[in-house]
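Right, one structure below, let's go through it.
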């Protein structure tokens with residue numbers, strides 16, 4: 001568009017008009033650049049949101065799988081037909097399943113922190129102590145047969161297998177009632 005009142009031969013007027021046009025172009029460019037940047041930023045945010053949703057779905061699936069595994073482990077551990085004890089180096093009971101509590105004819109929670117040796121008949125103490133020493137000396141699976149009871153009251157004869165765990169140095173005992181076979 002040519003203006004009749006504009007003198008193209010006047011350098012200062014030409015310069016002024018050129019600067020005005022440049023400012024106008026920059027404003028248009030900034031708007032288009034800002035719009036492009038906003039679109040790009042919005043796209044990146046949407047992609048990131050989808051990534052987070054996908055990660056959340058994976059975490060949810062992992063959580064559900066973990067819950068299912070815990071449920072199965074609890075059923076296997078708590079309801080197993082043999083007794084399981086976790087005892088420390090001093091023979092204190094730090095964990096046990098329901099069957100183990102039934103073998104000692106006590107409630108599960110009342111047995112925690114009691115010394116396992118308290119539930120052995122006096123004639124079985126030496127056998128158990130040797131067994132326990134062998135477990136910690138060899139770090140291999142060991143076994144023994146002992147009688148559970150207290151105050152000279154026999155509860156049952158049991159076969160015990162035990163092994164020491166790695167880092168925490170706890171002893172895992174599996175205890176099978178063999179009373180039927182020793183009568």
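No lab work stands behind these numbers, since they all come straight from the coordinates. From a predicted model like this one, the values you see are computed outputs, not experimental measurements. No Cβ is skipped: glycine too gets one built from the backbone with ideal geometry, and neighbour counts run over all protein chains shown.
A compact table of results
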{"quantity": "Choice from 52, 41, 118 with maximal GNM fluctuation in the chain (Cα, 10 Å cutoff)", "calculated": "41"}
{"quantity": "Value at 222 nm in deg cm²/dmol, rounded to 500, when DSSP H runs of n ≥ 4 in the chain each add -39,500 (n - 2.57)", "calculated": "-18500 deg cm²/dmol"}
{"quantity": "Using alpha-carbon coordinates, inclination of helix 11-78 to the longest axis of the chain, degrees", "calculated": "10 degrees"}
{"quantity": "Relative contact order (%) - criterion: Cα under 8 Å, at least six apart; region: the chain", "calculated": "15 percent"}
{"quantity": "Angle in degrees between helix 122-138 and the longest Cα principal axis of the chain, rounded to the nearest 10", "calculated": "40 degrees"}
{"quantity": "Identified option (computed Cα extents along the principal axes in Å; candidates [x] 58, 37, 34; [y] 48, 46, 32; [z] 126, 30, 26)", "calculated": "[z]"}
{"quantity": "Taking 181, 85 and counting other C-beta atoms within 10 Å, the order from fewest to most", "calculated": "181, 85"}
{"quantity": "Cβ-based exposure ranking for 178, 82, 160, 75, in which fewest neighbours within 10 Å come first", "calculated": "75, 178, 82, 160"}
{"quantity": "Region 80-182: relative contact order in percent, alpha carbon pairs under 8 Å with at least 6 residues between", "calculated": "28 percent"}
{"quantity": "Most fluctuating residue given options 55, 44, 170, as computed from a GNM of the chain linking Cα atoms under 10 Å", "calculated": "44"}
{"quantity": "Sorted by Cβ density within 10 Å, fewest first, the residues 159, 63", "calculated": "63, 159"}
